[in-house]
Structures are given as structure tokens and as C-alpha cells.
Amino acid sequence: MARRLLHLLPGLGFIALLLAGLEWAVNAGLIRRALMPPPSATWEVLQDLVTSGEVLGPLLATLRLVFIGFAIGSAAGIALGTAMGWWSAAYRLLEPLVEMMRPVPKAALVPPLMLFLGLGDTMKITSVALAVTFPVLVNTLQGVRGVDRVLLDSARTHGWGTARTLRYLVLPAALPFILAGMRTSLGLALILAVLSEMLTGQGGLGFLILDMQRSFLIRQMYAWLVILALVGLALNALFAWAEARALHWQQRH
């Protein structure tokens, strides 16, 4: 733990230096307060939001979208990536569609999703799931295809069937690739959740940030932005912890 804190000290010190410089620049008149309040003023608003409990409702609404969409997208990506990596027929069938859809920014799919699914949670969760699916799919595909052929031949020699080979050999061997794709997708899930809230104008952190900007409540807007940044940091740290536990054998090796 002490080593981890020492590792974080340079980065935390750099952030503190940036905040101090921003505080000085605003107070010196180099930056207009109407556009960027000093960090101390934003900190006061942030404290009020946390102590009053006002932060919980929007935060939980956004996290709900992130977690549900992330779970659905990860499951779909793992299933499709495994199928494409294991069965050549599935690869030939799905590869053109995947390569056509993968480069499309998933934010561009939100407007048509709004037409088909409306403005509710179904549309938001679908947009998050789509953003998550493709990075997980591609990483799973690479992981499945990268399994050592000697291990696969040994499994066949011992009479393992397809289901057993996939469960006990292929997926564990591909797990580092899968988790790497999921970690990348977690940030995309948060982005699409916030974006969909902004576009629909309903609930969550995204709606509040945009609403504060439209109402010219600049300090409140930056306070919610800080909360969003902390949420992203916490989600990444949580996933890194879970990833280290899942790959404990690799850490030892």
C-alpha cells in the first residue's frame, strides 16, 4: 500500500500544481470567472453536493446505465468473439458486418436509436452496449485465435469435446485479451451513457452538466464535471483491482 501511494505522489503533486496555477490565473484576471471559476469556488459547490446527498440520485442513474450496458455488451462481445475465433464459418459470416460497424463512432448511432427505441433507458442501455461490444469482440477473437496449438492438440488427444475445450482451455487462455478489451470498453460505456443523457435531456450526470451550462450555473457545471471525472477514475481503479485478482496466476508468473 505504501509503495502504491509513493507511486501516485508525482501524479497527485502535478494535479495540485495545475489547480494552484489555475486558481492564480483566475484570481489574476487572466481567465474570466464567467467561463472558469477558481477551483476553490468549485470545491465549495462540490462539498455542498456531497454533504447534502444531492449527488446520489444522478450518480446512481448514470451508473445503472453503465453497468447494465457494460454487462450486456461484454457478454455479446465475448460470445461473438469466441464464435468467430473458434468456428471459421462464423468468422466468414460475421466478419464483413463487424468490420463495417466497428469503425463507426457509436455516438453516431444514438440519433437513429432514439427514433427506434425512444428516449428512455432502453435506448441509453443499447447505445452503451453497442459501444462495449466491439472492443470486447475484437480482443476476444484475437485471444481465442492466439491459443497455443499444442494445448489444443493435447486437449483433442485426451478426448475433450468442443464445450469442455472452450470452457477450460480456450477462454482461460484468452482471458487477458478479454479483460483488456473490457477495460477499454468501460470508459466507452461511461462516455455513451453521459452522451445519451445529454441528448435525451433526461436524468443522470450528463443531463445535469448540460442543464447547468444552459442555465449559466458555471460553478455547478464544473462541480458535476469533477464528479464525473472521479467516477471514471473510480471505475478504472475498481476494474484494475478485479483484473489483478482474475489474473493472479499471471502476476505470479
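Using a basic spin-label model with each label point 7 Å from the Cα along Cα→Cβ, how many nm lie between SER40 and PHE67?
3.9
Project the alpha carbons of the stretch 148-223 onto their principal axes and report the range along each, largest first, in whole Å.
Extents along the principal axes, in whole Å: 69, 19, 13.
Rg to Rh for the stretch 1-131: what is it, with Cα atoms only and Rh by Kirkwood?
1.15
Against the globular-protein guess of 2.2 N^0.38 Å, express the Cα radius of gyration of the stretch 99-220 as a ratio, rounded to two decimals.
1.48
What is the spin-label model distance, in nm, from GLN202 to PHE216 if the labels are put 7 Å beyond Cα along the C-beta direction?
3.0
Accessible area of the chain with a 1.4 Å probe: how many percent of it is carbon plus sulfur?
It is 69 percent, rounded to a whole number.
7 Å from Cα along Cα→Cβ at both TYR91 and LEU151: what's the point-to-point distance in nm?
With each label placed 7 Å out from Cα toward Cβ, I get 1.8 nm.
Could you provide, to the nearest whole Å², the per residue accessible area of the chain with probe 1.4 Å?
Per-residue value: 58 Å².
What are the principal axis extents of the Cα atoms in the stretch 17-56, in Å, biggest first?
34, 22, 11
At 10 °C and 1.306 mPa s, what whole-number value in µm²/s does Stokes-Einstein give for the translational diffusion of the stretch 144-184, with Rh from the Kirkwood sum over Cα pairs?
D, rounded to a whole number, is 148 µm²/s.
Report the calculated FRET efficiency for ASP48 and TRP24 (r = Cβ-Cβ distance, R0 = 25 Å), to the nearest 0.05. Please list the in-between numbers first.
Details: r = 24 Å, r/R0 = 0.97.
That pair, ASP48 with TRP24, gives E of 0.55.
In the chain, which helices (entire DSSP H runs) extend 15 Å or more along their own long axis, judged by Cα positions, while averaging at least 0.5 on the Kyte-Doolittle scale?
Result, helices passing both filters: 2-27, 56-86, 88-101, 121-145, 171-200, 204-214, 218-246.
Taking the radius of gyration and the Kirkwood hydrodynamic radius from Cα positions alone, what is the Rg/Rh ratio for the chain, to two decimal places? Please report the intermediate quantities before stating the final value.
Details: Rg = 22.4 Å, Rh = 20.9 Å.
So for the chain, dividing Rg by the Kirkwood Rh gives 1.07.
Fully extended, how many nm does the chain gain between TRP160 and ALA240 (0.36 nm per residue separation, minus their Cα-Cα distance)? Write down the numbers at each step before the final one.
Numbers: separation 80, 0.36 × 80 = 28.80 nm, distance 3.31 nm.
Full-extension gain reported as 25.5 nm.
The values are calculated or read from the model by the stated rules, or taken from the named source; none is laboratory data. Every value quoted in this text rests on a predicted model; they were computed, and no experiment measured them. Every residue, glycine among them, receives a Cβ derived from its backbone with ideal geometry; neighbour counts consider all protein chains shown. Remember, those area values only see protein heavy atoms, side chains included, never the ligands or the DNA or RNA. Shrake-Rupley method; radii C 1.70, N 1.55, O 1.52, S 1.80 Å.
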